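The values are calculated or read from the model by the stated rules, or taken from the named source; none is laboratory data. Quantities reported herein were computed from a predicted structural model and do not represent experimental measurements. So basically every Cβ, Gly included, is an ideal-geometry build from the backbone, and we count neighbours across all protein chains shown. Just so you know, the surface numbers come from the protein's heavy atoms only, side chains and all, with ligands and any DNA or RNA stripped out. Shrake-Rupley method; radii C 1.70, N 1.55, O 1.52, S 1.80 Å.
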Amino acid sequence: MAYDPDLHHRRTIRLAGYDYSRAGSYFVTICTRNRECLFGDIVDGEMRLNEAGQIVAEEWMKTAEIRDEIELDEWVIMPNHIHGVVVISDGASLSQRCCRGDRPVAPTIRRRGSPKGPQSRSIGAVVAGFKSVATKRINVLRQTPGAVLWQRNYYEHIIRDEESLNRIRQYIAVNPMNWPDDPENPDIL
């Protein structure tokens, strides 16, 4: 069978033409490779982090500490994924920022020779940096140098209004209690 580039081209799940570095609030979900449960267990509806889970928590919190433009809102680590609200700040209040993400802008065109990877100061750059440092630390802990920890992509949703933000916060807060029915739970048949 001949090589078909259309079959091997990565499809993006991002909103076409949207600038993911613009100020706003974003809901992200980042899953482990093969949905492997690496970060702890749910006990009586509460997440109990193991050492790897503690590393994920530390690195998630550092995300906002090392980036002036990033704030973290509600977040939770689950056995095989993390949910969080990430805010790219421009000095406005959270309620002002959450509804700015509804107008697409012209896409950024890459020039020949420009660096590959996510745009600087974007949600993609934040996720990539977090995944990289968490992977390195967990691989040291597990003595698995070079092992892949995360799925290649991540889920993201642009939060457009306060009502949506509050629904997402509630979803995150009760996520551990809903683990028995969570589609990310590998024990569900």
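Summary of values
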{"item": "Pairs where the first residue, in segment 41-52, is open to solvent by 60 Å² or more (accessible area, probe 1.4 Å) and the second is acidic (D, E) and assigned to a strand (DSSP E or B), C-beta under 7 Å, 6+ apart", "result": "R48/D41"}
{"item": "Residue match in segment 84-99 (condition: modelled with pLDDT of 95 or more and among the polar types (S, T, N, Q))", "result": "no"}
{"item": "Output for segment 164-189, where each listed residue is more than 17 Å from V28 (Cβ to Cβ) and aromatic (F, W, Y)", "result": "W179"}
{"item": "Any hit, segment 65-81, residues being part of a loop (DSSP other than H, G, I, E, B) and open to solvent by 70 Å² or more (accessible area, probe 1.4 Å)", "result": "yes"}
{"item": "Residue list for segment 123-154, restricted to those being over 10 Å from the mean Cα position of the chain (by Cα) and among the hydroxyl-bearing types (S, T, Y)", "result": "S132, T135, T144"}
{"item": "Residues located in segment 138-159, provided they are closer than 25 Å to V87 by Cα and not in a loop (DSSP other than H, G, I, E, B)", "result": "W150, Y155, E156, H157, I158, I159"}
